[in-house]
Amino acid sequence: LPAVMTDLKPSKLIINDTAWYVGNSFLKIDSGKYEGRDFMVHNANQFLKMNGCVSASSGDTLSLSLKNVDLDYIFNTLSIKNVHFGGVATGDFVLNNLLKSPVFLTDNLKINNFSFNGTRFGQLNLYSKRDAVKSGILMSGTIDGYLRNKTRVNGYIFPTKDSISMAYNADRVDVLFL
């Protein structure tokens, strides 16, 4: 198949009665490789910026930058039912190996009013990195709770095994999410 390349011009997109604006960007699809440069969608005080490639190559990476992105809105729009994360996310992260065994790397993701399966916890500050020895992704974070409590979260996501191992040092945490 021939490559598909397009330069997007500024435009307006309506999703669930919300106006989103798309900025100038370049998109390319060629032989199973998806590339985006300077792709940005935004509304009032939210944005998502994207640069990079997605392909079968584990070396291709996709960089995302978020500002005040409403995770509840995204999970509801995509009709994701099994697990639900909520809150307002700001930060940068890198995704790679998306078509085989996704890896999520960040050192500055903050989620205000973080919730998991409908239970609100507070502000989540998250750090993650690849651990080649354990073949997993180390996740480490803190949740500053509404009662001036602090919960530490540490563990691993093992994408190739479809499993998670997490430990929590919880202080006055609502257990309704279980």
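The values are calculated or read from the model by the stated rules, or taken from the named source; none is laboratory data. This one's a predicted model, so the numbers in the text were calculated from it and none came from an experiment. Virtual Cβ from ideal backbone geometry, glycine too; neighbours counted across all protein chains shown. Protein only, heavy atoms only, side chains kept; ligands, DNA and RNA dropped before computing areas. Shrake-Rupley method; radii C 1.70, N 1.55, O 1.52, S 1.80 Å.
Per residue, the average separation of C-alpha pairs within less than 8 Å and at least 6 apart gives segment 43-178 a relative contact order of 15 percent.
For segment 107-120, the Karplus equation 6.51 cos²θ - 1.76 cosθ + 1.60, evaluated at θ = phi - 60°, returns couplings of 10, 7, 8, 10, 10, 6, 6, 4, 9, 10, 6, x, 9, 7 Hz by residue, with Gly and Pro reported as x.
Under 13 Å of direct C-alpha separation, and excluding same-chain neighbours fewer than eight residues apart, Lys150 reaches these aspartates and glutamates: Asp171, Asp174.
Each Lys and Arg Cβ is given +1 and each Asp and Glu Cβ -1; about its Cα centre, the chain then shows a dipole of about 240 debye.
Loop-located trypsin sites (Lys or Arg not before Pro) in segment 58-123 (DSSP state other than H, G, I, E, B) with a sparse environment of at most 13 neighbouring Cβ atoms within 10 Å: Lys81, Lys100. Over 22 Å between Cα atoms, which of Lys33/Lys67; Lys28/Lys110; Lys12/Lys67; Lys33/Lys100; Lys100/Lys161; Lys110/Lys134 qualify? Listed pairs above 22 Å: Lys33/Lys67; Lys28/Lys110; Lys110/Lys134. For Ile74, Ile111, Ile29, the ranking by accessible surface with the largest value first comes to Ile29, Ile74, Ile111, using a 1.4 Å probe. For the chain, pairs of C-alpha atoms spaced more than 26 angstrom apart make up 38 percent of the total. In this rough spin-label picture, where each label sits 7 Å from Cα along the Cβ direction, the Thr160-Asn108 distance is 3.1 nm.
Highest mean first, the peptides 32-41, 3-12, 127-136 sorted by other C-beta atoms within 10 Å per residue fall in the order 32-41, 127-136, 3-12.
The fraction of accessible area contributed by carbon and sulfur in segment 22-82 is 53 percent, rounded to a whole number (1.4 Å probe; ligands and nucleic acids excluded). Across segment 34-118, Cα-Cα pairs more than 16 Å apart make up 59 percent of the total.
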